[in-house]
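Down below is the structure, laid out as structure tokens.
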Amino acid sequence: MNLALKDIRHGLFRFVLTCFGLGLLMTVVLAMIGIYNGLVSDALAVVKAPVADVWVVEAGTKGPFAEASSIPADTRDAVARMPGVAEAGAVNYQNVEAFHAGRTLRIYVVGYEPGRPGGPQAIAEGRGIGASHFELVADRKTGLLPGETIRFGRKRFTVVGLVEGAMNSGGDPAVYVTLADAMALQTELDPAAQRVQAARGAVSVKSASVAAVIARMAPGADVDLLTATVRQWKHLAAMTQAEQEELLLVSVVDKARRQIGLFLGILLSVSAVVIALIIYTMTMEKLKQIATLKLIGAPDRTIVALIVQQALILGASGWAIGLMLILSVKDYFPRRVVLEPFNVMVLAGIIAAVCLLSSALGVRAAMKVDPATALGS
Amino acid sequence: MALGDILIEVSNVAKHFGEGETRVDALRAVDLAVRAGEVIALLGPSGSGKTTLLNIIGCILAPSAGRVVLDGEPVFDGRWLRRDLRRLRLDKIGFIFQAHNLLPFLTAEENVAVVLDLAGLHAEEGRVRARELLDYLEVGHRAKVKPALLSGGEAQRVAIARALANRPRIILADEPTAALDGARAGLVMDLMRKLAVEQEACIVTVTHDEKIFDRFDRLIHLRDGRLADA
């Protein structure tokens, strides 16, 4: 006879409510884990997207994400000719605000050379950029649809394809345009300003610069040799993909990551205390019944099983409810909530450990109960 | 009625709580023997030591001095662990409480069967035995009902069924009829006596209920921790 299940069934409504309350708490914990993962994942998305081996940026900078970087556009040719480089492409990054369908969109514009590294890896819908100008591929989170147009600066671009998961470390969705369009967007003056400059007789000297050049290595080529060679040029610096990812995490998202990490720690501590209180209270309410069980000869293991099984059922139910809730609402968060199976299982382990520890408190109280308590009242 | 073997033998038992100035002597040199088939009552004013004696016989409380033998086995002689005493209670002693103390999350039938389950009886056998007992005590029709929905008399009969489920030879009852009216109290005592005789058990009852004094073989009076009269 399983006394734990019988007791749960007896007060089912109350137990379900308790589980639901715990489930809501677990939803918040899982949401924070997801937000934490999302922050890291978003921050790395833009670095990982080009599938690069080496980033060549302006000397003395930590560009192009941690700080601004500007190098001559023809650096790409120089890098592409270096030993071990399979292909290279110049890229440009900038944030713009554009008005579309009655709302302002904050967009991360990635300029790349079609056919070279730096563009989107997989098109989810539509096609990639096929024309030299005024076409773009947008992340689905922009809300743009293939065939729609949107104005950036003085030019109107047509959406030809959609990608997923492309954004900058701030969570702004990305659009891909040609490098030429991106450079024009960055440097072209407003017509009125152009007229003023022309009236003053100023000669426009446009230096073609890009934010970075990314290189993919041939199989077996030495990445460290390439970066060492590039660093010999006074105006350039080079980082491996791993260094760029580390730099982004350390310099750009570190504070936010630590903030959320600390909050997550506090939240887990609060959850542990709440679980412990619930289980301890549940046990305290049963002390008379536990005394009766002792009096009629129930061994300690029967009483321990009653408490521990209920604690584990409570924890498992709360975890499952929390998981179901977060999975059903995570897509409504403005920023990505990324839940890995590993995180979910680790939380399950933590909850199981907390439940066992909490039930130990209850078991201790139950073991102290004098069976005589059941008599004489 | 023919009486059988001695089931409870209490010799020179004393029990005190606290030491020095706070010492309270609850029992002083109590001797008592109860035979199979015998139904006795422990009487006395509050604080006279009735419940302490009941707890010692029930292996809940260890005596400070003296010897206790239950169904031929000396207990509290230093050989018994707490879990062994609990097992002894399960095998040999049945308890009936003033407040029936049925487990609220079990049905009447399960409340009886749980004792058999703890004793290691197969679930189905336990259920059949529980049902037989409830039928015998005329509460079989309430077998699937939770204690909260039973009347006082029904709940007390279920509690009796639970106390008798494992066929204990010693039945200890603490004010078993306090919550019942005179007629029902008499019926319950008659029932307990009948079962005690059938199971060759003895019954020790703590009571203040004068209406049922005539149902006992002996009335044991306790005063200030001593036997006043037997």
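The values are calculated or read from the model by the stated rules, or taken from the named source; none is laboratory data. None of these values were measured; they are calculated from a predicted model. Please note: Cβ atoms are built from the backbone with ideal geometry, for glycine as well, and neighbour counts cover all protein chains shown. These area figures cover heavy atoms from the full protein model, side chains too; ligands, DNA and RNA do not enter into them. Shrake-Rupley method; radii C 1.70, N 1.55, O 1.52, S 1.80 Å.
Overview of results
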quantity	calculated
For the protein assembly as shown, fraction of C-alpha pairs farther apart than 42 Å, in %	51 percent
Equivalent-ellipsoid semi-axes of the range B:103-207, from the Cα gyration tensor, Å, largest first	21, 17, 11
Approximate spin-label separation A:Leu262-A:Ser328, in nm, with each point projected 7 Å along Cα-to-Cβ	3.5 nm
Mean accessible surface per residue for chain A, computed with a 1.4 Å probe while every protein chain stays in place, in Å²	47 Å²
Interface B:A - total buried accessible surface [probe 1.4 Å, Å², rounded to 100]	2400 Å²
Relative packing of peptides B:17-25, A:15-23 - highest average C-beta neighbours within 10 Å first	A:15-23, B:17-25
Other protein chain Cβ atoms within 10 Å, averaged over every residue that makes up B:98-106	6
Shielded residues, the range B:114-162 - accessible-area loss of 10 Å² or more between chain alone and all protein chains, probe 1.4 Å	B:Val114, B:Val115, B:Asp117, B:Leu118, B:Lys146, B:Arg162
Signed unit charges on C-beta, dipole axis of the protein assembly as shown, positive-most listed residue B:Leu118, A:Leu325, B:Leu219	A:Leu325
On Cα atoms only, tilt of B:182-198 relative to the major axis of chain B in degrees	80 degrees
Solvent-accessible area lost in complex, 30 Å² minimum, residues of the range A:1-17 relative to chain alone, 1.4 Å	A:Met1, A:Leu3, A:Lys6, A:His10
Degrees separating the helix A:300-329 axis from the principal Cα axis of chain A, which is the longest one	30 degrees
Debye log10 I(q)/I(0) for the range A:215-315, one point scatterer per Cα, at q = 0.17, 0.21 Å⁻¹	-0.90, -1.07
Nearby aspartates and glutamates by direct alpha-carbon distance to A:Lys330 (threshold 17 angstrom, same-chain neighbours under 8 apart not counted)	A:Asp42, A:Glu164, A:Glu340
Residue mean of other protein chain beta carbons inside 10 Å, A:295-305	6
Inter-probe distance in nm under a simple model that places probes 7 Å from Cα toward Cβ, at B:Leu187 and A:Val223	8.8 nm
C-alpha long axis of helix B:82-92 to longest principal axis of chain B, angle in °	60 degrees
Using a Förster distance of 51 Å, the FRET efficiency for A:Arg140-A:Arg364 (Cβ separation, nearest 0.05)	0.40
Portion, in percent, of the accessible area of chain A that falls on carbon or sulfur, probe 1.4 Å	61 percent
Among A:His133, B:Leu42, A:Ala80 - extreme Cα towards positive end, dipole of the protein assembly as shown, charges at beta-carbon	A:His133
5 Å binning of all Cα-Cα separations within the range A:1-112, expressed as whole percents from 0 upward	2, 8, 11, 13, 11, 9, 8, 7, 6, 5, 5, 5, 4, 4, 2, 1
Cα centroid separation, the range A:267-303 to the range A:35-87 (Å)	58 Å
Anisotropy class of the range B:1-128 from Cα gyration tensor, a/c 1.5 cut	prolate
Within the accessible area of chain B (1.4 Å probe), percent carbon and sulfur	49 percent
For chain B, accessible area per residue (1.4 Å probe, heavy atoms of protein chains only), Å²	42 Å²
